[in-house]
Amino acid sequence: MRISVVEMNSKIPEGWRKCKLGDVADVVGGGTPSTKVAEYWNGEIPWITPKDISNLKNRYISKGERNISKKGLENSSAKILPKGTILLSTRAPVGYLAIAKNDIATNQGFRSLIPHNDTDNIFLYYLLKNNIEYLKSQATGTTFGELSGSVLKSLIFLFPSLPEQCAIASVLGSLDDKIDLLHRQNKTLEQMAEALFRQWFVVEADDEWEEVRLGDFFPVVTGKKDANFATNDGLYPFFTCSQIPLRAPSYSFDCTAILLAGNGDFNIKHYIGKFEAYQRTYVLIPYNPIYFGFLLTLMKYYLSEITRGHQGSVINFITKPMIENFVFLLPKCRDLIQEKLIQFNELYRKIDANDAQIRTLEKLRDTLLPKLMSGEIRVKI
């Protein structure tokens, strides 16, 4: 017997009603055209897989890694989903969420929800976001959990009137809009750092400059913890090889560090403060802090070259000497670049300030979310 969210929270706020998801939205599956037929691919229809939204930093998605053609759509179970559709991954894994920014199609890893006229799509997005763990608990399967369309349609939730839905969506959406803006600002700042690096240290590089090694600027060490060290309620970021940090109950580092994933996609992050690190994550702490922003930008710029000699037949990995022995050019007189080094650090100082504001806004949003969705806090209409 399935227990609905409404049954677990018996008190219904005044003016709210119990509804099955299938009564407020059309639940639509997806599909994959045959990869053996070239004409089914590289068309003009954006086609989304769960991987495309696994690291999504905002609510909206407009395209994925691949497009399908009209023939691909016609010869598969994929369907055109209108702008505003809620995309919910329902297998491998359950729980990735996004809103279609434009007409879009998905693979079979989704059950997407097209809201009816009496349901606000942004409210529905936040309703599902607030109940991700509940949705996961409704999945079945031995190899991997899958949330079927029939089960999804039958799940019961509380819905306020449409005007109150819109008001709740406005409160939460305004917080996410600010978060999205800060993410865009950070992307611009990172692009500025890359442009300055290219101009100053690539285009304007001089034949008289000397070769230096990355290992001359920081010790190359890794974390000591395995993935099982992560906890859901940990106080500290736990940097693994994934792009999204986990949480850890304790920390081994308290510093300003560059973090390079030692396997997988070799992503680069940075962090200031207390954190933990996975045994295949390289923690790079500059001997001289003035080089921090410069080294971070350099490693992003030359990442494909640093990792070019990666090893591994199943999972790619890089070794400590590959990082230590990477060679680049600098002026023999370091005083010539002091002002430039300071500018890199200033750009990343702004990024870090934005990141701190993002965390504050996310905490506020995540605090309000369950209270608004349960009616504990009411929004004036």
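Can we say I61 is under 27 Å from K269 (Cβ atoms) and out of contact with any Gly (no Cβ under 8 Å at 6 or more places or on another chain)?
Taking the combined requirement at face value, the residue satisfies it.
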Counting only residues in segment 299-352 that are aromatic (F, W, Y) and either at pLDDT below 95 or in contact with a helix residue (DSSP H, G or I) (Cβ under 8 Å, 6 or more places away or on another chain) (or both), the one nearest to V212 (Cα to Cα) is identified as F328
Within segment 86-124, residues being in contact (Cβ under 8 Å) with a residue 60 or more places away in the chain, aliphatic (A, V, I, L, M) and under 13 Å from P46 (Cβ atoms) number 1
Of the residues in segment 278-310, those that are in contact with a Leu (Cβ under 7 Å, 6 or more places away or on another chain) and over 25 Å from R198 (Cβ atoms) come to T281, V283
The helices (runs of 4 or more DSSP H) lying entirely within segment 1-88 that contain at least 2 residues which are surrounded by 14 or more Cβ atoms within 10 Å (Cβ to Cβ) and modelled with pLDDT of 95 or more are 21-24, 70-74
Do the conditions hold for L347, that is, is it at negative phi, surrounded by 13 or more Cβ atoms within 10 Å (Cβ to Cβ) and not charged (D, E, K, R)? yes
Next item on the list: Return a yes/no flag: does segment 167-176 have any residue that is β-branched (V, I, T), within 30 Å of K350 (Cβ to Cβ) and in contact with an Asp or Glu (Cβ under 7 Å, 6 or more places away or on another chain).
Entry: no
Among helices (runs of 4 or more DSSP H) entirely within segment 300-381, at least 2 residues that are within 25 Å of the chain's Cα centre (by Cα) occur in 303-306, 338-374
Note on D265: of the conditions (1) under 20 Å from the mean Cα position of the chain (by Cα); (2) part of a strand (DSSP E or B), unmet is (2)
If we ask which residues in segment 113-141 are surrounded by fewer than 16 Cβ atoms within 10 Å (Cβ to Cβ), among the hydroxyl-bearing types (S, T, Y) and not in a helix (DSSP H, G or I), their number turns out to be 1
Check your understanding: Taking the stated definitions as given, is I132 β-branched (V, I, T), touching a residue at least 40 places away in the same chain (Cβ under 8 Å) and under 30 Å from L372 (Cβ atoms)?
Key -> no
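Restricting to segment 171-225, what's the tally of residues that are more than 30 Å from L246 (Cα to Cα) and in contact with a Phe, Trp or Tyr (Cβ under 6 Å, 6 or more places away or on another chain)?
Within segment 171-225, the first condition is being more than 30 Å from L246 (Cα to Cα), and the residues that meet it are 195-213, 216.
Narrowing further to those that are in contact with a Phe, Trp or Tyr (Cβ under 6 Å, 6 or more places away or on another chain): 197.
Adding up the residues that qualify gives 1.
The values are calculated or read from the model by the stated rules, or taken from the named source; none is laboratory data. Note that the structure is a prediction, hence the values are computed from the model and not measured. Quick reminder, even Gly has a Cβ in these numbers, built from the backbone with ideal geometry, and neighbours come from all protein chains shown.
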